[in-house]
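I have placed the structure first, in the form of structure tokens, so that the comments after it can refer back to it.
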């Protein structure tokens, strides 16, 4: 009965159907439940991953607060599990952004002859853009990243510095940066210098000369484990928790 009620409310909530006129039997409720569960799985997976990676008060080996880069200074070890099938010839620079209040601006220096890429994925895990050597060349670049709510106008002094605008259909976005490295001490140092110049600033702080210090918020009770595998966290959710999280995320995400 609980499953029937939750799925009925979910189905009615995302449609224009008059609940008083619609009658849903258990067979159709089950089918809708399965379809809705599968539909939302990537969104739930990404959100749990985001929270587990960013719910910290300072950067760690494979974690960092929102809007700060997780900067990997060496190749992943054999027991590295934060990313599935990590590259063995690049150093990672990963950052999650919250685009709810305003756009963010990402900049990187001239990469000379260094191969790099910064694929950007929305919360559905669709790659919405992938600046890199192949797509954008190696010149220094500055990207404006906007969320689904923003429709403002850029100040002229900002507009002239923007290489490209990138729109995210979801409130949250992750930059999965990778920079090629030979793995030698000398080349590690060269890549580290580049990583140190990767920059993230909100639009409101972009033209300010004062160093930007992002606000850090740690949720001491996020509602699920910060160390369990994501699939285990999802498998341990009851049906109400799962669909409550899904509907909350859909409110701040374009629906596909």
For the chain, what ratio Rg/Rh do Cα atoms give with a Kirkwood hydrodynamic radius? 1.02
Could you give the distance between the Cα centres of segment 34-67 and segment 193-256, to the whole Å? 6
Counting other beta carbons within 10 Å of each Cβ, put 144, 117, 182, 91 in order, fewest first. 182, 117, 144, 91
Give the angle, between 0 and 90 degrees and rounded to the nearest 10, that separates the Cα long axis of helix 26-54 from the longest principal axis of the Cα atoms of the chain. 30
Where N is the number of residues in segment 23-115, Cα Rg divided by 2.2 N^0.38 Å: 1.53
Can you give the direction-averaged projected area of the convex hull of the alpha-carbon atoms in segment 188-236, in nm²? 6.6
What is segment 51-196 by shape, rounded, prolate or oblate, if you read a ≥ b ≥ c off the alpha carbon gyration tensor as root eigenvalues and call it rounded for a/c under 1.5, prolate for a/b larger than b/c, and oblate otherwise? oblate
If packing is taken as the average count of other Cβ atoms within 10 Å, what order do 68-74, 152-158 fall into, highest mean first? 68-74, 152-158
For the chain, modelled as a Gaussian network with Cα springs under 10 Å, which listed residue fluctuates most, 76, 169, 202? 76
By how many degrees, 0 to 90 and rounded to 10, does the Cα axis of helix 2-13 deviate from the longest principal axis of the chain? 70
Using Cβ contacts closer than 10 Å as the measure, can you line up 178, 231, 23 from fewest to most? 23, 231, 178
How far is helix 185-195 tilted off the main Cα axis of the chain, in degrees rounded to 10, range 0 to 90? 60
Mind pulling the per residue volume of the convex hull built on the Cα atoms of segment 106-191? Å³ is fine. 103
Considering only 240, 209, 170, give the residue with the highest GNM mean-square fluctuation for the chain, with springs between Cα atoms whenever their separation is below 10 Å. 209
Listed residues 111, 66, 237, most fluctuating in the chain (Gaussian network, C-alpha, under 10 Å): 237
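Computed from the coordinates by the stated procedures, all read-outs in this text should not be read as laboratory data. As the structure is a prediction and not an experimental result, all values here were calculated from the model. All Cβ positions, even for glycine, are placed from backbone atoms using ideal geometry, and neighbour counts span all protein chains on display.
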